[in-house]
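Worksheet: the structure to be examined is printed underneath.
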Amino acid sequence: MLYQNEQVIEETVKNYVKEFDRTTNLLGVTSVRNIIYILTDLENELGFQINDSFVREIKDLTVEKLIEVIPNHLK
């Protein structure tokens, strides 16, 4: 399941960001609007909930961090 989540996260980010790796801070390479789209798409596809706890945990918005944090917030 984790590997599947990793794939979904990477593919979703690829829809909005051309060049990145797992440690790239997405806030530095794309617009806030795209970040909102990425998180909304991931929320819908993976069934996790964006809340205060998620925001506190995410700090650096990287693919690596999303892979680590999202499983803790699945509905």
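The values are calculated or read from the model by the stated rules, or taken from the named source; none is laboratory data. These figures come from a predicted structure and were not determined experimentally. Glycine also receives a Cβ, built like all others from the backbone with ideal geometry; neighbour counts cover every protein chain displayed.
Of the residues Asp60, Asp52, the single one that is exposed (fewer than 10 other Cβ atoms within 10 Å of the Cβ) and either over 9 Å from the mean Cα position of the chain (by Cα) or touching a residue at least 12 places away in the same chain (Cβ under 8 Å) (or both) is Asp52. In this structure, is Glu6 in a helix (DSSP H, G or I), surrounded by 15 or more Cβ atoms within 10 Å (Cβ to Cβ) and of a type outside the set (Ser, Thr, Tyr)? Yes, satisfied. Applying the criterion of being basic (Lys, Arg) and in a helix (DSSP H, G or I) to the residues of the range 51-67, the residue that is modelled with the lowest pLDDT is Arg56. One residue stands out in the range 63-75 among those that are charged (D, E, K, R) and surrounded by fewer than 16 Cβ atoms within 10 Å (Cβ to Cβ): the one that is farthest from the chain's Cα centre (by Cα), namely Lys75. Taken over the range 32-42, residues that are modelled with pLDDT of 95 or more and either charged (D, E, K, R) or surrounded by fewer than 11 Cβ atoms within 10 Å (Cβ to Cβ) (or both) amount to 2.
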